[in-house]
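*Asks:* I have a structure here, written as structure tokens, and I will follow up with some questions on it.
The values are calculated or read from the model by the stated rules, or taken from the named source; none is laboratory data. Everything numeric in this text was worked out from a predicted model, so none of it was measured. Here the Cβ positions follow ideal geometry from the backbone for every residue, glycine too, while neighbour counts run over all protein chains shown. These accessible areas exclude ligands, DNA and RNA; they are computed on the full protein's heavy atoms, side chains included. Shrake-Rupley method; radii C 1.70, N 1.55, O 1.52, S 1.80 Å.
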Amino acid sequence: MIDPWTLSSTSHDRDRESLLRRGNVFQIANGYMGYRGTLDEFGPEESVGITLAGFYDQAGEAWREPVNAPNGGYTQTALEGVELSALGKHVRRHRQTVHFRNALFERETEFAVKGKTLRLHAVRFVSADQPNLGAVRLTFSCDKPATLVVRTGIDYNIWDLNGPHLVDFAPSQRGGILLVQARTGESSRKVCVAEALRGTGAKTGETGAEGGKLLRSLTLRLQPGQPQVLEKFFAVFTENDPLSGPIDLAAEALAARAAEAGFDDCLRRHGEHWTRKWSRSDVRIAGDDEAQHALRYSILQLLMAAPVRGSANSIPARALSGQVYKGAIFWDTEMFMFPFFLHTLPETAAELLRYRIRTLDGARRKAATEGPGYRGAFYAWESQDTGDEACTYFNIGDPVTGRELRTHFRDKQVHISGDIAIAMWEYFQVTGDDSVLLAGGAEVILECARFYFSYAFFKPEKARYEILDVVGPDEYHERVHNNAFTNMVARETFAIADRVVRHLRRRHPRKLRALVARLRIGTELRQFQTAARLLYVPKPDRRTGLIEQFEGYLRLRRATPAELAAAKSHPNEYPGAGQGLAVPTQVIKQADVVMMLYLFRQRFTERIKRANWEYYEPRTEHGSSLSACAYALVAAEYGNLAAAYKYFLQTAKIDIEAKYKVYVGTIFTGGSHPAANGGAWMTAVLGFGGVSDNGKRLCIRPRLAPKWSGMEFQITNRGGSFHVAVTGTMVTVTARSENRRTHLIDVAGKTVRCAPGKSVAVTYAKPASSARAA
């Protein structure tokens, strides 16, 4: 039976790939730092990482990436003089678990040494109450009298993909507190980790720094039936933190306060935050334990990765599971993670948008330097702390020749700016809150529209604008013309710019005048209106309903992903770039036209959605974790619920099953997949739950997955919060009592009034699945 609130493993395989995958699957995080799911005695060889959000460094000419902090959770043990490790020969039994309810990591390991059995039980968390804090509780018990030596403190041997990033380590001790300070090599930004210990029955030995570790030595005399407990508290601060004094004093003070309060008190406060998070985001599924478990795990990942309030940080493509993909923020965030927060925790959605506002100048710098005559905001394909482009022109290695391949992700993936503009506007539409627009969101939108106008080409002979020389979501075909997704996003950006201006003119005319004057954009606003009308977007073929992905796509050679896989000369060969196997074929990396059909789902008929889904699905390799959920969502839109369910499970279980690619070319891409986690929630709630916003009000038109007898979820819309319960024949919507007004909601085609603290129930006819799974 599947426990819907935990994930466990008994594996303690030693091979590198298994260690990497377990570190991803069992990670914990709190938006400030992520602690990989490694064990207490592990070091950099086992991929230990405490990855810091929004804190980056570049070592020499290597890729710039987030910094991993010294490990304040480190503990090494020796029973009767024999050092113990879960990777060693003395293990009798091992289990590690992540608890979804409170993002708690737990490990239980039994060691057999010299006829004695030691049981090590450890739990740890990184605090949702105090994001700079981590805590570990270690419990030791033995079946016979024994001597256990524990060496615990801070390990400042750092696992880096492209480092080293920390230099000038300075270990010290102040009273009973251990400290390790260092600085980044690129900008000399300081980092400090402090560790405090609380325990009973321990004889304290020497404390010292050796081999990159600052450790205290403790001797425990164990007796049967008398477990001994040690509690560790570590505080991590950097010069990015908004402090009035030195970071070492802040770290020392927090570690001391936590030790004084004790593990249980810190855990209680941490748990209270998690209870509130789940009360606003949990989804309950009836009749399908596998789906319930996978979806809860996905939601956990999103909640752990959510940026700390006030940080104006965002969520990297691999969250806080490590330094993969340079810790960069991609379009993944706005398209696949943002909807979850928008509909459950809108204050976090606003934080994600504030990151794009904060990095607007970086997008302006990219527009000014990336191409001839570009203006406005060309957002980075790989964005870090400043918003400047972190993507290199040569960034994928050929595993056969070792040569780097020229790709055009950096300079031709122009749809990123429009993805951001769409999210900015959607936040206002769904919440009714224009504070983000006024705090810089409107400026972002106008600058994105300005960029597209500078990028577009006007064809007089066709009386239309076109977007030429781009890379769409399908990254295997580069430098194509009039990619349907890109053109649609650009046209929508022009339309949103016009809507923003009209809103500000009506509600905030003074602020609009000031913004227009500061940007000197007044004469361009009418041009945006014209471009919104004249920008070309490929239309569905009248006979077949097909939308050509880009000009000339349908003339490419027909092939299947299996054919290309069989033709590879190396398993990690990259099929795209200039001469890749996919380039002359119709095989695509991920959802492109299909993603467009979902993003603009209210503008296309079920016939069009079905025709394009059935055409592109056999040609899609799903070489990106973003792809499966797009196919799931569109399948649900046109009634292919069996296929939608298949792709939902593929999305929701990607990290649990850990079957994803670890290398693309020569580039390591392992790590968690928060975009897929967001896609799982989107498929469940927006797809099977049928939730949308029609521009005026919340709409709910459910189409339950075949195995589901019901589902319950929370949704936030236009200042109101609602609990929605769906069965095979009825939808019940309950407004929270704290809602300030009665809301009109469209439920199964019927408009109902939902007053604060009240429920409304509407019967509906369950739609039949129109097709079998692919």
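*Asks:* How big is the Rg/Rh ratio for region 447-564, C-alpha atoms only, Rh by Kirkwood, two decimals?
*Replies:* 1.10
*Asks:* Just tell me which lysines come within less than 28 Å, Cα to Cα, of Lys758; anything on the same chain fewer than 8 places away is out.
*Replies:* Partners found: Lys277, Lys696, Lys750, Lys766.
*Asks:* If you don't mind, another one. Quick one: compute the contact order of region 365-423, relative version, from alpha carbon pairs under 8 angstrom and 6+ residues apart, as a percent.
*Replies:* Details: 74 pairs, mean separation 15.9, N = 59.
Computed over region 365-423, the figure is 27 percent.
*Asks:* A further question follows. Determine the share of region 590-666's accessible area contributed by carbon and sulfur atoms, expressed in whole percent, with a 1.4 angstrom probe.
*Replies:* 51
*Asks:* Cα centroids of region 610-638 and region 321-342: how far apart, whole angstrom?
*Replies:* Value for the Cα centre distance between the two parts: 20 Å.
*Asks:* Sequence gap at least 6, Cα distance under 8 Å: using those rules, report the relative contact order of region 666-757 to the nearest whole percent.
*Replies:* Once normalised by length, the contact order is 19 percent.
*Asks:* Might you report the magnitude of the Cβ-based charge dipole of the chain about its Cα centre, with Lys and Arg at +1 and Asp and Glu at -1, to the nearest 20 debye?
*Replies:* 2660
*Asks:* Counting only protein heavy atoms and a 1.4 Å probe, tell me what percentage of region 176-310's accessible area is made up of carbon and sulfur.
*Replies:* 46
*Asks:* What aspartates and glutamates sit close enough to Lys707 to cross-link, taking a C-alpha to C-alpha distance under 12 Å and skipping anything fewer than 8 places away on the same chain?
*Replies:* Within the straight-line limit of under 12 Å, Lys707 reaches these aspartates and glutamates: Asp288, Asp289, Glu290.
*Asks:* Can you list the trypsin sites (Lys or Arg not before Pro) in region 618-659 that are in a DSSP coil and have 16 or fewer other beta carbons within 10 angstrom?
*Replies:* Lys659
*Asks:* Highest mean first, what order results for 737-745, 176-184 on Cβ atoms within 10 Å? Don't skip to the answer; put the middle values down first.
*Replies:* Numbers: 737-745: 14.1, 176-184: 22.1.
Output ranking for 737-745, 176-184: 176-184, 737-745.
*Asks:* Shape verdict for region 1-46, please, from the Cα gyration tensor: rounded (a/c under 1.5), prolate (a/b greater than b/c) or oblate.
*Replies:* In terms of gyration-tensor shape, oblate.
*Asks:* I need to check one value: relative contact order of the chain, counting alpha carbon pairs closer than 8 Å and at least 6 residues apart, in percent.
*Replies:* Numbers: 1793 pairs, mean separation 82.0, N = 774.
So the answer I get is 11 percent.
*Asks:* Under the Karplus relation 6.51 cos²θ - 1.76 cosθ + 1.60, θ = phi - 60°, what is the ordered set of whole-Hz ³J(HN,Hα) values for region 89-104, x standing for Gly and Pro?
*Replies:* Computed from phi, the couplings for region 89-104 are 7, 8, 7, 9, 7, 8, 8, 10, 9, 10, 9, 5, 4, 9, 6, 10 Hz.
*Asks:* Between 0 and 90 degrees, rounded to the nearest ten: what's the tilt of helix 525-534 against the longest Cα principal axis of the chain?
*Replies:* 70
*Asks:* Starting from the Cα gyration tensor of region 396-471, take the square roots of the eigenvalues, sort them a ≥ b ≥ c, and report rounded, prolate or oblate (rounded when a/c is under 1.5, otherwise prolate if a/b is larger than b/c, else oblate).
*Replies:* On the way: a/c = 3.45, a/b = 1.48, b/c = 2.34.
Since a/c reaches 1.5 but b/c is at least a/b, the shape of region 396-471 is classed as oblate.
*Asks:* A follow-up question, please. Sorted by mean Cβ packing within 10 Å, highest first, what order do the peptides 404-415, 374-385, 694-705 take?
*Replies:* Ranking, from highest mean packing down: 374-385, 404-415, 694-705.
*Asks:* To the nearest 500 deg cm²/dmol, what mean residue ellipticity at 222 nm is calculated for the chain from DSSP H runs of n ≥ 4 alone, each contributing -39,500 (n - 2.57), summed and divided by the residues? Let's see the in-between values first.
*Replies:* Working: 20 runs with 233 residues, N = 774.
Dividing the helical sum by the residues of the chain leaves -9500 deg cm²/dmol.
*Asks:* Same structure again: Tell me the trypsin sites (Lys or Arg not before Pro) within region 457-487 that lie in a loop according to DSSP and have at most 15 other beta-carbon atoms within 10 Å.
*Replies:* Hits after loop and neighbour filter: Lys462, Arg479.
*Asks:* Find the centroid of the Cα atoms in region 155-208 and in region 722-743, then give the distance between the two in whole Å.
*Replies:* Cα centroid of region 155-208 versus Cα centroid of region 722-743: 50 Å apart.
*Asks:* Treat each spin label as a single point 7 Å out from the Cα along the C-beta direction, and report the Glu370 to Arg92 distance in nm.
*Replies:* Using points 7 Å along Cα→Cβ, the separation is 6.0 nm.
*Asks:* Taking Lys144 as the anchor, which lysines have their alpha carbon closer than 22 Å to its alpha carbon, excluding any fewer than eight residues away along the same chain?
*Replies:* Straight-distance partners of Lys144: Lys89, Lys114, Lys116, Lys203.
*Asks:* Compute the long axis of helix 346-358 from its Cα atoms, compare it with the longest principal axis of the Cα atoms of the chain, and write down the angle in degrees, 0 to 90, nearest 10.
*Replies:* Value to nearest ten degrees: 80.
*Asks:* I'd like the Karplus ³J(HN,Hα) series for region 283-298: coefficients 6.51, -1.76, 1.60, θ = phi - 60°, whole numbers in Hz, and an x wherever there's a Gly or Pro.
*Replies:* So the Karplus estimates, Gly and Pro as x, are 10, 10, 10, 9, x, 8, 5, 5, 5, 4, 5, 5, 5, 4, 4, 4 Hz.
*Asks:* If you don't mind, another one. How much area per residue is accessible in region 637-768 when the probe is 1.4 Å and only protein heavy atoms are counted (Å²)?
*Replies:* 36
*Asks:* Can you bin region 453-495 into rounded, prolate or oblate? Criterion: square roots of the alpha carbon gyration tensor eigenvalues sorted a ≥ b ≥ c, rounded for a/c under 1.5, prolate for a/b above b/c, oblate for the rest.
*Replies:* Oblate is the answer for region 453-495, as a/c is 1.5 or above yet b/c matches or exceeds a/b.
*Asks:* Against the longest principal axis of the chain, how steep is helix 16-25, in degrees 0 to 90 to the nearest 10, with axes from Cα atoms?
*Replies:* It works out to around 70 degrees.
*Asks:* For region 27-100, which GluC sites (Glu not before Pro) are both in a DSSP coil and crowded by at most 11 other Cβ atoms within 10 Å?
*Replies:* Filter output for region 27-100: Glu61.
*Asks:* Now, a different point. Per residue, how large is the accessible surface of region 428-563? Use a 1.4 angstrom probe and give square angstrom.
*Replies:* Accessible area per residue: 47 Å².
*Asks:* Continuing with this model, one more query. Taking only protein heavy atoms into account and a 1.4 Å probe, give the accessible area per residue of region 15-86 in Å².
*Replies:* Roughly 24 Å² per residue, with all protein chains present.
*Asks:* Continuing with the same structure: Taking all protein chains as present, what is the carbon and sulfur share of the accessible area of region 341-487, in % to the nearest whole number, probe 1.4 Å?
*Replies:* Solvent-exposed carbon and sulfur of region 341-487 make up 51 percent of the total.
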